[in-house]
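What follows is calculated from the coordinates using simple rules that are stated; it is not laboratory data. Only a predicted model underlies this, so the values are computations on that prediction, with no experimental measurement involved. Cβ coordinates were reconstructed from backbone atoms using ideal geometry, including for glycine residues, and neighbour counts include every protein chain displayed.
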Ligand code: 4AD
Ligand code: MG
């Protein structure tokens with residue numbers, strides 16, 4: 001008999017039909033009621049067994065997290081809490097789970113930190129069930145959004161010889177015996193003899209390759225893993241994260257902002273429309289977590305309200321220069337409450353500043369534009385003032401920067417001049433510069449950190465809890 005998913009069974013009208021269901025036992029009460037879960041929803045299916053007809057040996061094997069298969073009749077439930085239940089006719093243990101050894105006894109609520117150490121089992125909790133179903137929905141919504149807009153999904157390479165961001169925070173990939181690499185005549189490691197015949201890294205961004213594709217297909221996006229060897233042990237940084245990078249020919253900065261805003265609202269709405277139960281569950285979870293905090297640190301809005309708020313309000317658009325003014329004049333700055341005080345134009349914004357703007361000042365998502373060129377990447381389009389570039393960062397409440405993007409410098413001469421100033425060898429990126437030689441045009445794009453989006457929509461507070469197997473400094477388990 002074909003297996004039905006619990007999510008679908010719970011929506012079925014019971015008529016004593018025979019069905020088969022498989023899953024993992026969440027609990028077993030009074031030797032009669034099994035709460036069964038198969039990951040399709042947080043709602044368990046109640047299985048009713050008749051302990052008089054089952055051997056004691058079998059009953060004892062129905063333990064938390066054992067895998068079972070049940071064939072029985074679907075009936076209206078008399079108990080409260082569920083509309084239907086399955087009266088078991090045939091129950092098979094597929095896999096035992098020794099209650100003495102199983103580390104995840106759901107009775108005493110495990111901490112998120114503890115669950116991170118057993119990330120291979122945390123999928124079986126309600127919290128992580130909800131988080132990863134929402135993550136799945138968001139990923140699907142991203143593809144749906146771009147597909148409906150006629151964008152081409154482009155796979156950019158993971159192994160690369162370029163440093164897209166020019167920030168130098170790359171993981172190096174080599175096949176050499178690192179204790180004994182071949183050297184050239186100058187005593188330097190000779191990458192000509194390495195696997196690719198050159199020095200290679202894991203990509204930090206698919207943007208530069210994405211730009212090449214946009215210069216032929218007009219509108220493309222990438223959605224893939226990216227890697228950063230930045231030693232930031234924060235709740236918002238991962239060494240391996242997923243990034244969505246659209247790149248559009250004939251777009252200017254405003255078009256870029258419009259697209260990013262539309263996309264964020266689309267995917268959040270899609271999650272609310274298609275995953276409301278899980279988000280409601282996470283909203284309650286967050287409320288409970290916040291009860292532990294002092295009143296002043298609790299958020300004013302529930303998770304659900306926060307998401308709806310994001311859909312109902314346009315994002316605030318301000319320039320970097322305006323933002324610096326706001327920060328400099330803020331009481332927070334005057335009372336020296338920032339760790340990094342804002343004194344002069346040109347400083348990079350710290351996350352405390354970003355969060356102040358979003359959470360305290362504007363109280364809504366903010367798009368900051370036109371940053372000083374010194375604190376942004378070489379490829380950003382230079383504004384006429386000679387000081388700023390057509391950059392845009394989107395800042396979200398509780399998250400800080402969620403999107404980073406810009407209009408690109410399409411003028412060959414200006415781009416080369418900037419690269420020379422910063423010291424990026426032109427010959428290394430001659431393929432990139434070719435797009436500016438052959439049919440260059442205004443274009444723009446951005447990168448959305450997928451885990452930061454998932455953080456926002458799930459209301460989780462640590463980025464390690466929204467990716468199945470987080471990679472961070474000193475941690476690469478599983
Ligand atoms: O601002 P970033 O570095 O921009 C780029 O990589 C551009 N090439 C994007 C583009 O224009 N195509 O990164 C983009 C986003 C950030 O806004 C943030 O959401 C996320 O990627 N991000 C990280 N997420 C998790 N862990 C990290 N270490 C991250 N670094 C960046
Ligand atoms: Mg950035």
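Helices in the chain, meaning DSSP H runs of at least 4 residues, each add -39500 (n - 2.57). Divided by all residues, the mean residue ellipticity at 222 nm is -9000 deg cm²/dmol.
When you count the other C-beta atoms within 10 angstrom of each residue and take the mean per peptide, 55-65, 315-325 line up highest first as 315-325, 55-65.
Label zone of residue 422 (point 7 Å out along Cα→Cβ, amide N under 18 Å): in the range 331-362 this covers 346-349.
For the chain, the extents of the C-alpha atoms along the principal axes are 85, 59, 43 Å, listed from largest to smallest. Rounded, prolate or oblate: which fits the range 436-478 when a ≥ b ≥ c are the square roots of the eigenvalues of the alpha-carbon gyration tensor, with rounded for a/c under 1.5 and prolate only if a/b beats b/c? Oblate.
Note: the range 141-289, Cα convex hull, 176 Å³ per residue. What angle do you read, to the nearest 10 degrees and between 0 and 90, between the alpha-carbon axis of helix 253-274 and the longest principal axis of the chain? Compared with the principal axis, the helix lies near 0 degrees.
Can you list the equivalent-ellipsoid semi-axes of the range 196-243, largest first and in whole Å, using the square root of 5 times each Cα gyration tensor eigenvalue?
On the way: eigenvalues 121, 55, 9 Å².
That gives 25, 17, 7 Å for the three semi-axes.
For the chain, what proportion of DSSP beta bridges, expressed in % and rounded to the nearest 5, is antiparallel? DSSP beta bridges in the chain are roughly 85 percent antiparallel.
Its Cα gyration tensor gives the range 106-174 an equivalent ellipsoid, and the semi-axes of that ellipsoid, as √(5λ) in whole Å with the largest first, are 33, 23, 9.
How compact is the range 80-133 by the rule of thumb for globular proteins, expressed as Cα Rg over 2.2 N^0.38 Å?
On the way: Rg = 14.6 Å, N = 54, 2.2 N^0.38 = 10.0 Å.
That ratio works out to 1.45.
Please work out the Cα center distance from the range 301-369 to the range 27-82, rounded to the nearest Å. About 51 Å separates the Cα centre of the range 301-369 from the one of the range 27-82. Peptide packing for 73-82, 394-403 was compared via the average number of neighbouring C-beta atoms within 10 Å per residue; ordered from the highest value, the list is 394-403, 73-82. Between the C-alpha center of the range 391-445 and that of the range 267-287 there is a gap of 36 Å. Once you treat every alpha carbon in the range 398-467 as an equal point and sum by Debye, what is log10 I(q)/I(0) at q = 0.13 Å⁻¹? Scattering profile of the range 398-467, log10 relative to I(0): -0.58. Highest mean packing comes first when the peptides 331-338, 364-371 are listed by Cβ atoms within 10 Å, giving 364-371, 331-338. The three principal axes of the C-alpha atoms in the range 80-203 carry coordinate ranges of 78, 48, 31 Å, sorted with the longest axis first. The convex hull defined by the C-alpha atoms of the range 204-330 has an orientation-averaged projected area of 11.2 nm². Translational diffusion coefficient of the range 146-231 (Stokes-Einstein, Kirkwood radius from Cα pairs, 20 °C, 1.002 mPa s): 145 µm²/s.
When N counts the residues of the range 358-478, how does its alpha-carbon radius of gyration compare numerically with 2.2 N^0.38 Å, as a ratio? Before the final figure, lay out each step's value.
Working: Rg = 17.9 Å, N = 121, 2.2 N^0.38 = 13.6 Å.
Cα Rg divided by the expected 2.2 N^0.38 Å: 1.32.
Restricting to bridges with both residues inside the range 43-174, how much of the DSSP beta-bridge set is antiparallel, in percent to the nearest 5?
So the antiparallel bridges amount to about 75 percent of the total.
Taking only the alpha carbons of the range 1-129, we obtain Rg and Dmax values of 14.6, 44 Å in that order. Given bins 10 angstrom wide, list per bin the percent of all Cα-Cα distances in the range 299-384, short to long. Once binned at 10 Å, the Cα pair distances of the range 299-384 give 15, 43, 29, 12, 0. Cα centroids of the range 212-240 and the range 144-180: 7 Å apart.
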